[in-house]
1. Give region 78-97 a look and list any residue that's surrounded by fewer than 16 Cβ atoms within 10 Å (Cβ to Cβ), β-branched (Val, Ile, Thr) and modelled with pLDDT of 85 or more, or say none.
2. Just need a number here: residues in region 1-45 that are closer than 27 Å to Asn66 by Cβ and assigned to a helix (DSSP H, G or I).
3. Could you please give the count of residues in region 106-116 that are touching a helix residue (DSSP H, G or I) at 6+ places or on another chain (Cβ under 7 Å) and either at pLDDT 90 or above or assigned to a loop (DSSP other than H, G, I, E, B) (or both)?
4. Does Lys122 fit the bill of being surrounded by 11 or more Cβ atoms within 10 Å (Cβ to Cβ) and either modelled with pLDDT of 85 or more or of a type in the set (Ser, Thr, Tyr) (or both)?
Amino acid sequence: MATPRVLEAEEYLREHKIMELVNNLTSLLLYHRPERPREFLITQLEKLKLGRLADVEYPCLFDESNVDAIFGILDPSGQGYITRTQYIETLKTLGVDVSNLPVPPEKITLEVFKYDMRIHLKKSCATFKA
């Protein structure tokens, strides 16, 4: 059973989205593998701060080429669509809260997938501005 102190710490981390921030920074670090990781992390944190203050772009690991690659993996036979289940599981894997989303159609095309991912990933990256 968790102590009140542990519960308080977990709530603090959840409220300030610390784990999401750490996961995003770790992903960026592993993706870019800079020669000077500490300086790289400082730069990323400065970008986050600027993004919060000036509402400008902030670091996010995913871009459109990643979305294309994910769709390609989900549709290896090239049907041109993925299923509702694949779509929902992909959102969950990417950390999107699907509990309040409307029920998607049974077949999701690449165009719909790209549009939705752009929205969801933008929101996901935006959580680091909070």
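The values are calculated or read from the model by the stated rules, or taken from the named source; none is laboratory data. Owing to the predicted nature of the structure, the values given are computational and were not obtained by experimental measurement. Because the Cβ atoms are built from the backbone with ideal geometry, glycine has one as well, and the counts that use them run over all protein chains shown.
1. Thr85, the sole residue that qualifies.
2. Of all residues in region 1-45, those closer than 27 Å to Asn66 by Cβ come to 13-14, 16-45.
Pick out the ones that are also assigned to a helix (DSSP H, G or I) and you get 13-14, 18-32, 37-45.
Here the count works out to 26.
3. Within region 106-116, the first condition is being touching a helix residue (DSSP H, G or I) at 6+ places or on another chain (Cβ under 7 Å), and the residues that meet it are 106, 108, 110, 113-114.
Still in the running and either at pLDDT 90 or above or assigned to a loop (DSSP other than H, G, I, E, B) (or both): 106, 108, 110, 113.
Total satisfying the criteria: 4.
4. Values: surrounded by 11 or more Cβ atoms within 10 Å (Cβ to Cβ): yes; either modelled with pLDDT of 85 or more or of a type in the set (Ser, Thr, Tyr) (or both): no.
For Lys122, the condition - surrounded by 11 or more Cβ atoms within 10 Å (Cβ to Cβ) and either modelled with pLDDT of 85 or more or of a type in the set (Ser, Thr, Tyr) (or both) - is not met.
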